[in-house]
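Q: Submitted below is the structure of interest, expressed as structure tokens.
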Amino acid sequence: MQKIEKRKIVVTAGLPYANGQIHMGHLVEYIQTDIWVRFQKLRGHECHYFCGDDTHGTSVMISAQKAGVTPEKYVGELREQRLKDFKDFQIEFTNFSTTHSPENKELCDLFYLKMKEKGYIASKSVKQAFCEHDKMFLPDRYVKGTCPKCGAKDQYGDTCDVCASTYGPNDLKDPFCTICKNKPVLKSSEHLVFKLNEFKDYLKDWVPAHNEKDISKKLMEWFNEDLRDWDISRDAPYFGFQIPGYTDKYFYVWVDAPIGYIASSWEWLKKQGRSYEEIWKDDAYEIYHFIGKDIIYFHSLFWPAMLKAADMRSPNKICVHGMLTINGEKMSKSKGTFINARTYLNHLNPTYLRYYYACKLSGAAEDIDLNLEDFVARVNSDLIGKITNLISRGAQMLTKKMDSTLSSVDKEGQCLLDKALAKADVIANLFEAREYSKVIVEIRGLAEEGNRYFDEKEPWKLLKADAAAAKVVLTNTINYFKILATYLKPIMPEYALQVEAALNCKPLLWETLADKLENVKINEYTHIATRIEDEKVKQMVEDSKDTTGVKPTESNNSEYISIDDFTKIDLKVAKIIKAELIPEADKLLKITVSVGNVEKTVFAGIKSKYNPDTLIGKHVVLVNNLQPRKMKFGLSEGMLLAASDDSNGPFLLTVDEGAKDGFKIK
């Protein structure tokens, strides 16, 4: 094996946006990064993994308003569940911070003042989408429309998912507000921009030196023309950091998000009395950013330019992965393939997903597919049937049929071990290059070789004729498997811990790959991995399907409900502030109601009874906590109560004069 020169490494993964649960798509990046970090640690390097919640922006602000809480409370409650999901998927961060931290605020101000001091900030009037209904300027992701380049419909106001073009929200054809679906108007506002073109020559050299060739080839097309000024400000209302010197301007979320990498590392360093400068102003550490291909633009143009302006060093490399499909398609709630991390964990072992993602991941930015049938087949056939089979057969025979004590590796056994050890540098280089799928191919090939040896020696027959010879075969097999388990440790850390416990050995490390277990007792074997049952996968998919209302509770054969059942329903007084006809719908009206300080959209089947104009101002009863339902005409966020019989109605339930919207019905 090659001599290992010790390294100091810092690794980041893209900060997950704090507006929803962690799902299978997110996990591609965090597992890929965690595997690489664990590999570096296994080799004896100092390696740190920094991340955090990306908390700012209009999306979080609106979600918090709908939930009736502050943005801080909203993201704080979500954070606890996310951290538990990450932990249960064996993803281990050195520090997991938040972009709303005081460290990030201080750094954002520092970056901005440096950029301003050097003349890289300009002020200009910007015409942007303004929603007259919601009384707010609309950020890129709150405007949708038709792509101006390829004509794809329902695309966001910054990039097209179909042709990957970038543009501004004003360039969209047939734009609409994603909150209320109304067409926005253009309105002028003073904005602060970062003069990105000042860094064109620098970035032209930087991009190919810090990205893979396939990524660089695409990125270099940007330099065929001048780079556009980058709008770094957003108007109030906005959840984020105020820009120094302004009361109504906030940093755009993509300004403070990458700075969050530095803030997360600084938060950890401060506890040790250290400064962020030893990582971000010195070359003592290598720095690697792991990201998805959808945010290359920010990490390979804006971010290195920002770092340059702030007199900070740039990362050594941008490591890009593709997107996830499930069963060959985008994740779908209706099909049950939009699977949250917790839903998976409720049914299946997280080790299996880590293994399967490793089977699929390469160093290129290629999309990967989680085919659920293939997932079951690979885990059951390869991980269980080939790899784990080695320790299962060897250790069980030794502990159940013999005295649990290993003997010594013989000459033939050493030849077998040498074949596995000869792959060490190959596998290390593949890990380093993030070619995990090729790592799995190598390990699977070694497992097949080990099983051939075991089958040819037939220790179950030798046991009666020559117990000592049988024990040597088992000793050779178990030591061979120990090498494979070491190779697999970055991919399946909990699995490796179980192996260490079963073999009663020290932690598996790269530098002790060649160390043998001889003349020592191992522990009684218990299964470290079992086959996946198809039913569990089917139930996971079923539990992930989008429900269009409240799930019925199990019947208790009673005509009554309990007070506990009733208190689950949040009934509130709502004021109708807008009512619209839906030409394509026979029965539905689109109703906008005010519930306290929150506006909600409800689709109500009352078209036959009510003229929309007569509804404005009515105080009605709203089921406020009904699960939102995706309908053909939009998202319905509640239910209005009405009465009817077979021939008359519907009649809306209204409230006595004096009741105000937001009142809770008790």
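Q: With the checklist (1) touching an Asp or Glu at 6+ places or on another chain (Cβ under 7 Å); (2) closer than 17 Å to Y288 by Cα; (3) not aromatic (F, W, Y) in hand, flag the one item H56 doesn't pass.
A: With respect to (1) touching an Asp or Glu at 6+ places or on another chain (Cβ under 7 Å); (2) closer than 17 Å to Y288 by Cα; (3) not aromatic (F, W, Y), H56 is out only on (2).
Q: When the residues of the range 353-367 are narrowed to those that are surrounded by 19 or more Cβ atoms within 10 Å (Cβ to Cβ) and touching a Lys or Arg at 6+ places or on another chain (Cβ under 9 Å), which ends up farthest from T337 (Cα to Cα)?
A: Among residues in the range 353-367 that are surrounded by 19 or more Cβ atoms within 10 Å (Cβ to Cβ) and touching a Lys or Arg at 6+ places or on another chain (Cβ under 9 Å), the one farthest from T337 (Cα to Cα) is A365.
Q: Using beta carbons and a limit of 9 Å, which pairs, at least six apart or on different chains, have the first residue in the range 424-441 and closer than 15 Å to L508 by Cβ and the second one among the acidic types (D, E)?
A: I427/E442
Q: Looking at L406, is it surrounded by 15 or more Cβ atoms within 10 Å (Cβ to Cβ) and under 39 Å from the mean Cα position of the chain (by Cα)?
A: no
Q: Take the conditions part of a helix (DSSP H, G or I) and open to solvent by less than 40 Å² (accessible area, probe 1.4 Å) and apply them to L107. Does it pass? Steps first, answer last, please.
A: Working: part of a helix (DSSP H, G or I): yes; open to solvent by less than 40 Å² (accessible area, probe 1.4 Å): yes.
For L107, the condition - part of a helix (DSSP H, G or I) and open to solvent by less than 40 Å² (accessible area, probe 1.4 Å) - is met.
Q: Only one of K457, K471, K464, K482 is in contact (Cβ under 8 Å) with a residue 60 or more places away in the chain and either open to solvent by 50 Å² or more (accessible area, probe 1.4 Å) or among the charged types (D, E, K, R) (or both). Can you tell me which? Reasoning before the result, please.
A: Details: K457 fails: in contact (Cβ under 8 Å) with a residue 60 or more places away in the chain; K464 fails: in contact (Cβ under 8 Å) with a residue 60 or more places away in the chain; K482 fails: in contact (Cβ under 8 Å) with a residue 60 or more places away in the chain.
Only one candidate qualifies: K471.
Q: Something else now. Can you tell me which residue within the range 611-636, out of those that are at pLDDT below 85 and in a loop (DSSP other than H, G, I, E, B), is nearest to V595 (Cα to Cα)?
A: N625
Q: Within the range 368-403, can you find the residues that are in a helix (DSSP H, G or I), open to solvent by 50 Å² or more (accessible area, probe 1.4 Å) and farther than 30 Å from H321 by Cα?
A: The answer is R393, K400, K401.
Q: Next up: Could you go through the range 142-154 and let me know if any residue there is touching a residue at least 40 places away in the same chain (Cβ under 8 Å), under 26 Å from the mean Cα position of the chain (by Cα), buried (at least 18 other Cβ atoms within 10 Å of the Cβ) and more than 20 Å from D229 (Cα to Cα). Give the derivation first.
A: So in the range 142-154, the residues touching a residue at least 40 places away in the same chain (Cβ under 8 Å) come out as 142-143.
Right, trim to under 26 Å from the mean Cα position of the chain (by Cα) and you get 142-143.
Restricting the remaining residues to those that are buried (at least 18 other Cβ atoms within 10 Å of the Cβ) gives 142-143.
Narrowing further to those that are more than 20 Å from D229 (Cα to Cα): 142-143.
Within the range 142-154 (the criterion being touching a residue at least 40 places away in the same chain (Cβ under 8 Å), under 26 Å from the mean Cα position of the chain (by Cα), buried (at least 18 other Cβ atoms within 10 Å of the Cβ) and more than 20 Å from D229 (Cα to Cα)), the answer is yes, since at least one residue qualifies.
Q: Are there any strands (runs of 3 or more DSSP E) wholly within the range 188-301 with 1 or more residues that are more than 28 Å from Q32 (Cβ to Cβ), and if so which?
A: Fully inside the range 188-301 and qualifying: 233-235, 249-251.
Q: Considering (1) surrounded by fewer than 14 Cβ atoms within 10 Å (Cβ to Cβ); (2) touching a Lys or Arg at 6+ places or on another chain (Cβ under 9 Å); (3) not hydrophobic (A, V, I, L, M, F, W, C), say which one N224 fails and leave the rest.
A: Result: N224 passes all but (2).
Q: Working only within the range 115-135, note down all residues that are open to solvent by less than 60 Å² (accessible area, probe 1.4 Å) and either in contact with a Cys (Cβ under 9 Å, 6 or more places away or on another chain) or part of a helix (DSSP H, G or I) (or both).
A: If the condition is that a residue be open to solvent by less than 60 Å² (accessible area, probe 1.4 Å) and either in contact with a Cys (Cβ under 9 Å, 6 or more places away or on another chain) or part of a helix (DSSP H, G or I) (or both), then M115, A129, C131, H133, D134 are the ones that fit.
Q: Another question, if that's okay. Step by step: first the residues of the range 313-335, then only those that are part of a strand (DSSP E or B) and either surrounded by fewer than 18 Cβ atoms within 10 Å (Cβ to Cβ) or of a type in the set (D, E) (or both), then the one that is nearest to the chain's Cα centre (by Cα). Which residue is that?
A: T325
Q: Of the numbered conditions (1) open to solvent by 30 Å² or more (accessible area, probe 1.4 Å); (2) assigned to a loop (DSSP other than H, G, I, E, B); (3) not basic (K, R), L497 satisfies every one except a single condition; which is it?
A: L497 satisfies all of (1) open to solvent by 30 Å² or more (accessible area, probe 1.4 Å); (2) assigned to a loop (DSSP other than H, G, I, E, B); (3) not basic (K, R) except (2).
Q: Which members of the range 67-87 meet the condition of being open to solvent by less than 50 Å² (accessible area, probe 1.4 Å) and either of a type in the set (G, A, S) or in a helix (DSSP H, G or I) (or both)?
A: Residues of the range 67-87 open to solvent by less than 50 Å² (accessible area, probe 1.4 Å): 69, 71, 74-76, 78, 82, 85-86.
Selection gives P71, Y74, V75, G76, L78, R82, D85, F86.
Q: With respect to L15, determine if the residue is within 19 Å of the chain's Cα centre (by Cα), within 17 Å of L361 (Cβ to Cβ), modelled with pLDDT of 95 or more and not β-branched (V, I, T).
A: Criteria not met by L15.
The values are calculated or read from the model by the stated rules, or taken from the named source; none is laboratory data. It should be emphasised that the depicted structure is a prediction, and the values quoted were computed from it without experimental measurement. Note that we place each Cβ from the backbone using ideal geometry, even for glycine, and neighbour counts take in every protein chain shown. Surface areas here come from the heavy atoms of the whole protein model, side chains and all, with no ligands, DNA or RNA. Shrake-Rupley method; radii C 1.70, N 1.55, O 1.52, S 1.80 Å.
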